[in-house]
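Before we start, here is the structure in question, set down as structure tokens.
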């Protein structure tokens, strides 16, 4: 099975350290990089695309960002696209992930508990979503540190270590 994995593109990042023109060019370059990744996935005939979060900046995104992502992922149809929202593009009512109508090949993990998706017999994708930004007050919304995690032999989520799991209690709670 061929998988394409991408994450942390931070589309529409502000680049506050740069002047306006440099920041604009860098944001354009990020979109171009995502578009090229989609083209490569098509050329290489991957079996699935895994998006590990932080595709965009929730606190700052342009009015066309949702349509840009939708169009990019639609170009991959019928190849499945799995999106696990991260701490910068967390899933909530105002999230871009809640706005556009996604093509049928796109699956956005919405819950903060790991969900299993069988990709092949013996190959399971576990994904979850951040439900609040990093640093949110305790109790505001439980968030999970997991991003799409591939386990070729695991059928039991308790045997998995979500990305970023260094033994902390929050990561352990994602598996419960």
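The values are calculated or read from the model by the stated rules, or taken from the named source; none is laboratory data. Since the structure is predicted, the reported quantities are computational estimates derived from the model, not experimental observations. Glycine gets a Cβ as well: all are built from the backbone with ideal geometry, and neighbour counts include every protein chain shown.
Which condition breaks for residue 34 when tested against (1) modelled with pLDDT under 95; (2) under 14 Å from the mean Cα position of the chain (by Cα)?
Here residue 34 clears every test but (1).
Being in contact (Cβ under 8 Å) with a residue 60 or more places away in the chain, under 18 Å from residue 50 (Cα atoms), touching a helix residue (DSSP H, G or I) at 6+ places or on another chain (Cβ under 7 Å) and surrounded by 18 or more Cβ atoms within 10 Å (Cβ to Cβ) narrows it down to one of 114, 96, so name that one. Lay out the reasoning, then the answer.
Numbers: 96 fails: in contact (Cβ under 8 Å) with a residue 60 or more places away in the chain.
Unique residue meeting the criteria: 114.
Now a separate question. Can you name the condition, by its number, that residue 57 falls short on among (1) touching a strand residue (DSSP E or B) at 6+ places or on another chain (Cβ under 9 Å); (2) surrounded by 20 or more Cβ atoms within 10 Å (Cβ to Cβ)?
Condition not satisfied by residue 57: (2).
When you look at residue 38, is it buried (at least 20 other Cβ atoms within 10 Å of the Cβ) and touching a helix residue (DSSP H, G or I) at 6+ places or on another chain (Cβ under 6 Å), yes or no?
Working: buried (at least 20 other Cβ atoms within 10 Å of the Cβ): yes; touching a helix residue (DSSP H, G or I) at 6+ places or on another chain (Cβ under 6 Å): yes.
It is true that residue 38 is buried (at least 20 other Cβ atoms within 10 Å of the Cβ) and touching a helix residue (DSSP H, G or I) at 6+ places or on another chain (Cβ under 6 Å).
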